Amino acid sequence: MTKLGLMRLYGQDQLVLHAFFDDLPVAGAFVRDYAPNANRGVYRKYAYGNMKTWVCTSHSCGWLVSLTKKRASVASAGKVKKVMKLSHVPSGAYYISKLNLTPSQCCTSSPDVNARQLKELTGFTAAILEDHSPGLTRVVNSVDKVDDINMKSKHAVVYRAIQEVKASLTVSPEVEYSLLPGFMEAFAEANPGSRVCLELDSRNSLVRIQDAILPVWEVDERT
């Protein structure tokens, strides 16, 4: 079951040997976002020099992804440069150098999502669309049913995601009204013959705007 839209977020949705990412933050985010789609949790276990490795949260499982930073190659004078298998990887980028996506039979791992990932899930979005101020239980049940992810023991993560969405839906009156003067000026320019009346306070904040758009009479134009 696809839980996170990797193609929309990263332009790719599979872990493939020698696939590369521009930098380590993007590479790490992709591995962490891939994990819920593979129905497991992961964490970064090894970080030796230019190589970083993520493993399954089930210690008995052999699932892992290793990423290595490609170093700049130094060409030897007078020698023909060979076409290498990593020639498509830019210098400084991180590529998948080792991969094992086959879980062990005794693997007990389950998806472990954070607030950012939770907001991407279909079950979370469905609960929010039904009610812009949903209860925590509604969201937990929706994610469990739709995405098959158990968040019953992670109320803090669910609450944080709900609050972030509610904050994004709330627009400050100052921010909302601050856009009106520019809008009305653009309207007047696009509609010759109209008059726009705005009243500002001492800080140039909008106090009042005239509801009706009045025509400019010829006598007014002459004066």
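The values are calculated or read from the model by the stated rules, or taken from the named source; none is laboratory data. Everything quoted here is computed from the prediction, not taken from an experiment. Here the Cβ is made from the backbone with ideal geometry for all residues, glycine too, and neighbour counts use every protein chain on show.
Worth a mention:
- Residue match in the stretch 174-186 (condition: farther than 23 Å from Asn37 by Cα, at pLDDT 65 or above and among the acidic types (Asp, Glu)): yes
- Breaking point among (1) under 18 Å from Asn37 (Cβ atoms); (2) not assigned by TED's automatic domain parsing to the domain that holds Val31, for Leu129: (1)
- Being under 20 Å from the mean Cα position of the chain (by Cα), more than 20 Å from Asp112 (Cα to Cα) and among the hydrophobic types (A, V, I, L, M, F, W, C) is a property that Phe20 has.
- One residue from Gly78, Gly49, Gly11, Gly5 being loosely packed, with under 10 Cβ neighbours inside 10 Å, under 19 Å from the mean Cα position of the chain (by Cα), at pLDDT below 95 and not assigned by TED's automatic domain parsing to the domain that holds Ile149: Gly11
- Qualifying positions in the stretch 29-46 - among the charged types (D, E, K, R) and surrounded by 15 or more Cβ atoms within 10 Å (Cβ to Cβ): Arg32, Asp33, Arg40
- Residue check, Thr57 surrounded by 10 or more Cβ atoms within 10 Å (Cβ to Cβ), modelled with pLDDT of 90 or more and farther than 20 Å from Leu118 by Cβ: no
- Taking helices (runs of 4 or more DSSP H) as the structural unit, those lying wholly within the stretch 84-172 and holding at least 3 residues that are farther than 24 Å from Ser58 by Cβ correspond to 122-130, 136-147, 155-169.
This table checks each residue for (1) in contact (Cβ under 8 Å) with a residue 40 or more places away in the chain; (2) closer than 30 Å to Gly49 by Cβ; (3) among the hydrophobic types (A, V, I, L, M, F, W, C).
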site	(1), (2), (3)
Tyr94	yes, yes, no
Leu101	yes, yes, yes
Ala115	yes, no, yes
Leu129	no, no, yes
Ser142	no, no, no
Val146	no, no, yes
Glu164	yes, no, no
